[in-house]
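To start, the structure itself, in structure tokens.
The values are calculated or read from the model by the stated rules, or taken from the named source; none is laboratory data. In this text, all values refer to a predicted model and were calculated from it rather than measured experimentally. Cβ placement follows ideal geometry from the backbone for every residue including glycine, while neighbour counts extend to all protein chains displayed. For accessibility, only protein heavy atoms count, side chains too; no ligands or nucleic acids. Shrake-Rupley method; radii C 1.70, N 1.55, O 1.52, S 1.80 Å.
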Amino acid sequence: MLASLAIGASSIFAAPNAQASSSGPSGRAPIPASAFKSAPGVTSSTITIGNVSTESLGLFTGSVVGTEAYAAYVNSQGGVNGRKLVVDAQDDLFTGSENKQLTENAVQHDFALVGSFSLEDNFGETVLAANPQFPDVSTSLDPALGELANSYSANPIGQGWPTGALDYYGKAYPQQVLHTGVLASTYGSALATWKKEQPVLQHAGYKVVYFDTVPVTQTDFTQNVVSMEKAGVKLILIDQLPENYAGAMLKALDQQNFHPKLVIGTAAYSEALVSASGGQAAADGSNLEMPNALFLGEDASTIPSVATFLKWVQKASPGFKADYYTLAGWSNAQLFVQALKAAGKNPTQGSLQQQLRRVTSFNASGLLAPANPEGRIPSTCYVIVKIVNGKFVRSDDPPVNGPTHGYRCDGTFLTEPNTK
């Protein structure tokens with residue numbers, strides 16, 4: 001439930017950074033000495049990891065399922081250095097005070113937070129800032145949390161935005177992007193995220209003629225669609241809104257017989273999207289840009305990790321429909337395990353963080369476009385997808401067996417001044 005908007009001044013951005021690489025330390029504060037003596041949640045046979053996510057309303061249940069699925073996968077192979085992973089997952093009930101309390105509990109009892117996903121993570125941020133020995137390997141929606149020295153992510157948001165997909169659609173629809181309509185979530189962490197994308201959109205030549213915000217409770221987009229049509233919108237950008245919002249938007253567009261170009265993102269990539277849109281006729285022709293493989297199964301024959309992911313999601317939670325949040329939980333768990341294995345047979349929170357700081361390129365075995373977790377640099381690679389006959393189909397992407405493994409890597413990452 002991130003945000004997306006398309007106005008602003010590209011002049012507030014500095015020169016582009018390179019694609020994620022082994023660029024060395026990112027200026028993180030030193031790991032406190034106490035961390036090398038600290039190993040809560042570790043026994044001779046298990047390691048307990050926390051997960052504080054918003055499961056209420058079904059928002060980010062996938063992040064818990066993905067984390068549990070990867071733990072089950074690792075445990076089936078004997079665990080990590082002789083220990084099985086135990087996931088201590090807690091629902092913050094979409095409440096800031098609950099998120100803070102649960103984060104405090106995790107600091108006391110768990111080895112690390114892994115795979116958390118919450119719109120209330122800015123409350124937990126205060127706890128993690130006060131406990132730099134405690135690692136958090138999760139997708140951070142709050143920018144301040146993402147910048148903490150003890151915060152790591154398989155898919156970092158970064159202080160800026162990648163240009164590739166926005167440039168792609170700017171060139172594909174040069175006239176339509178001059179009449180862009182955008183919807184953004186009203187949530188604070190979402191608006192903070194969209195502000196990073198905002199100047200890149202202008203940099204790519206987009207001009208917004210309609211903008212509105214989306215409350216968490218909104219389910220009907222008819223009035224937005226009517227207003228967009230009156231404003232002369234020719235392209236709608238909702239690339240950060242989840243499936244339930246994207247589906248409702250597609251349904252309203254179809255009902256109003258209004259058919260501008262539509263660009264959505266990986267948060268809306270879901271088995272439920274077509275049905276939520278009202279069917280194939282309403283969804284066909286929609287465009288998606290995503291920094292990940294088609295993990296719902298379309299890439300399973302060419303990317304083995306897709307099949308592994310889906311297999312273990314079903315083992316962890318039979319019948320569950322994987323979504324982007326499931327992938328986020330799985331990928332962050334994989335990053336955690338990679339570092340945990342390297343931390344040795346007697347890991348501490350300090351040795352784990354040492355190893356996390358050595359991971360400068362990570363792609364979750366091809367499930368993600370390569371990013372730099374240590375440097376907090378998102379990937380500049382992406383895939384282009386269309387909905388055709390009710391199915392998600394790669395469009396204008398290089399071959400999966402090629403040097404970029406199916407990703408387009410023709411963009412850069414624009415960074416705000418005074419940030420690394």
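E68 meets the stated requirement of being among the charged types (D, E, K, R) and open to solvent by 40 Å² or more (accessible area, probe 1.4 Å). Residue count for the stretch 240-268, restricted to those that are outside any helix (DSSP H, G or I) and open to solvent by less than 40 Å² (accessible area, probe 1.4 Å): 9. Once the stretch 85-120 is narrowed to residues that are within 25 Å of P242 (Cβ to Cβ) and either in a strand (DSSP E or B) or β-branched (V, I, T) (or both), the residue that is nearest to the chain's Cα centre (by Cα) is V114. For the condition farther than 30 Å from Y210 by Cα and modelled with pLDDT of 95 or more, S45 qualifies. When you scan the stretch 379-396, do you find a residue that is acidic (D, E), more than 14 Å from Y269 (Cβ to Cβ) and at pLDDT 95 or above, even just one? No, the conditions are met nowhere in the stretch 379-396. When residues in the stretch 121-174 are screened for being touching a helix residue (DSSP H, G or I) at 6+ places or on another chain (Cβ under 7 Å), in a helix (DSSP H, G or I) and among the small types (G, A, S), 3 of them pass. Scanning the stretch 197-239 for residues that are in a loop (DSSP other than H, G, I, E, B), modelled with pLDDT of 90 or more and of a type in the set (V, I, T) yields a count of 2. When E271 is tested against (1) acidic (D, E); (2) open to solvent by 60 Å² or more (accessible area, probe 1.4 Å); (3) farther than 30 Å from P403 by Cα; (4) in contact (Cβ under 8 Å) with a residue 40 or more places away in the chain, exactly one condition is not met: (3). For the stretch 164-199, the tally of residues that are more than 16 Å from the chain's Cα centre (by Cα), polar (S, T, N, Q) and buried (at least 22 other Cβ atoms within 10 Å of the Cβ) stands at 2.
Take the residues of the stretch 71-96 that are open to solvent by 10 Å² or more (accessible area, probe 1.4 Å) and aliphatic (A, V, I, L, M): which is farthest from G329 (Cα to Cα)? In this case the residue turns out to be L93.
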